[in-house]
Structures are given as structure tokens and as C-alpha cells.
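A short worksheet on the structure shown next.
The values are calculated or read from the model by the stated rules, or taken from the named source; none is laboratory data. The structure displayed is predicted, hence computed values, not measured ones. As a convention, Cβ positions derive from the backbone with ideal geometry for all residues, glycine included, and neighbour counts pool all protein chains shown. Heavy atoms of the whole protein, side chains included, go into the accessibility calculation; ligands, DNA and RNA do not. Shrake-Rupley method; radii C 1.70, N 1.55, O 1.52, S 1.80 Å.
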Amino acid sequence: QVQLVESGGGLVQAGGSLSLSCAASGRTFSNYAMGWFRQAPGKERKFVATISQSGAIIYYAESVKGRFTISRDNAKNTVYLQMNSLEPEDTAVYYCAAGRVGPLYTDSRINYWGQGTQVTVSS
């Protein structure tokens, strides 16, 4: 089992920044590719970003490319999502995810989910 706990969500004005963290416990963190997904009200959960076990391979959704940065610290068992130039369209519950086989583009590759953290961007 891997437990994932997100933090760092909140309310921010458009153009602002937020930094999300996801702390993992349980199995060996460095064995897992990590990812962030988000779900806006009334919509399906969608891929945001993913990072490989070593951190060497990273992919982003087109909608966040150039604005969001995913990173990980295997010594701290933590994955991060730095979000800049936030837009109202970024409003969603953000979920941290772990999977043994990356990249974590889709739900089918996810072994573990966090509980989610709300990000609200006001216009």
C-alpha cells in the first residue's frame, strides 16, 4: 500500500501561483511514477502532469504546459506541482497519483490515489 496526502490547495486570484505537495508513505516511493490529475465540477478527471521514477521524464497536458511544473524529491517521498499564471479554468480538485508503470497519462495506470485538494482560481 501507498498512502498519498496532498496539501497546498486554496483560493487564489487569476494570474497568481500555488504550490501543491503530495507526501507518500508506505512502499518505496522511488519505485513509482507519480502524477497529478484534476477534476472540475461536473467534468471527468483529467491528466495534468506526470514524472518518472527518477524524475528524468516529464509530460504535461497541453493546457498547463509552460505554466505548471512537476517535480519530485525521492529523499522526502514527495512530489510537487508548482502552478503559475493560474486561470479560472484551472479550478478543480487536484489529485496526486502513483503507478508502477509510467507515464501516468490515464486512470488505468494508477495504483494509488490521494484524497484530493481543492484549487479555486477567481477571476
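Among residues of region 15-28 that are on the phi > 0 side of the Ramachandran plot, those with a beta-carbon under 6 Å from a residue that is in a strand (DSSP E or B) and not aliphatic (A, V, I, L, M) at least six positions away or on a different chain give the pairs 26/3. Of the residues making up region 31-54, one or more are under 16 Å from residue 105 (Cα atoms), touching a Ser or Thr at 6+ places or on another chain (Cβ under 9 Å), assigned to a loop (DSSP other than H, G, I, E, B) and open to solvent by 20 Å² or more (accessible area, probe 1.4 Å).
Matching residues to (1) surrounded by fewer than 14 Cβ atoms within 10 Å (Cβ to Cβ); (2) in a strand (DSSP E or B); (3) among the basic types (Lys, Arg):
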| position | (1), (2), (3) |
| --- | --- |
| 70 | no, yes, no |
| 89 | yes, no, no |
| 103 | no, no, no |
| 120 | no, yes, no |
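Residue check: is residue 108 free of Cβ contacts under 8 Å to residues at least 12 places away in the same chain, out of contact with any Ser or Thr (no Cβ under 6 Å at 6 or more places or on another chain), open to solvent by 20 Å² or more (accessible area, probe 1.4 Å) and not hydrophobic (A, V, I, L, M, F, W, C)? Before you say what the answer is, go through the steps one by one.
Numbers: free of Cβ contacts under 8 Å to residues at least 12 places away in the same chain: yes; out of contact with any Ser or Thr (no Cβ under 6 Å at 6 or more places or on another chain): yes; open to solvent by 20 Å² or more (accessible area, probe 1.4 Å): yes; not hydrophobic (A, V, I, L, M, F, W, C): yes.
It is true that residue 108 is free of Cβ contacts under 8 Å to residues at least 12 places away in the same chain, out of contact with any Ser or Thr (no Cβ under 6 Å at 6 or more places or on another chain), open to solvent by 20 Å² or more (accessible area, probe 1.4 Å) and not hydrophobic (A, V, I, L, M, F, W, C).
Residue pairs whose Cβ atoms lie under 6 Å apart, separated by 6 or more positions or on different chains, with the first residue in region 65-84 and closer than 9 Å to residue 19 by Cβ and the second among the small types (Gly, Ala, Ser) and assigned to a loop (DSSP other than H, G, I, E, B), do not occur.
The residue of region 4-29 that is nearest to residue 98 (Cα to Cα), among those that are surrounded by 13 or more Cβ atoms within 10 Å (Cβ to Cβ) and out of contact with any strand residue (DSSP E or B) (no Cβ under 7 Å at 6 or more places or on another chain), is 29. Do we have residue 95 as farther than 18 Å from residue 14 by Cβ, open to solvent by 30 Å² or more (accessible area, probe 1.4 Å) and touching a strand residue (DSSP E or B) at 6+ places or on another chain (Cβ under 8 Å) here? Against the criterion (farther than 18 Å from residue 14 by Cβ, open to solvent by 30 Å² or more (accessible area, probe 1.4 Å) and touching a strand residue (DSSP E or B) at 6+ places or on another chain (Cβ under 8 Å)), residue 95 qualifies. Here is the figure for region 68-102: residues that are over 12 Å from the mean Cα position of the chain (by Cα) and more than 21 Å from residue 26 (Cα to Cα) total 8.
Determine, yes or no, whether residue 64 is buried (at least 17 other Cβ atoms within 10 Å of the Cβ) and not in a strand (DSSP E or B).
yes
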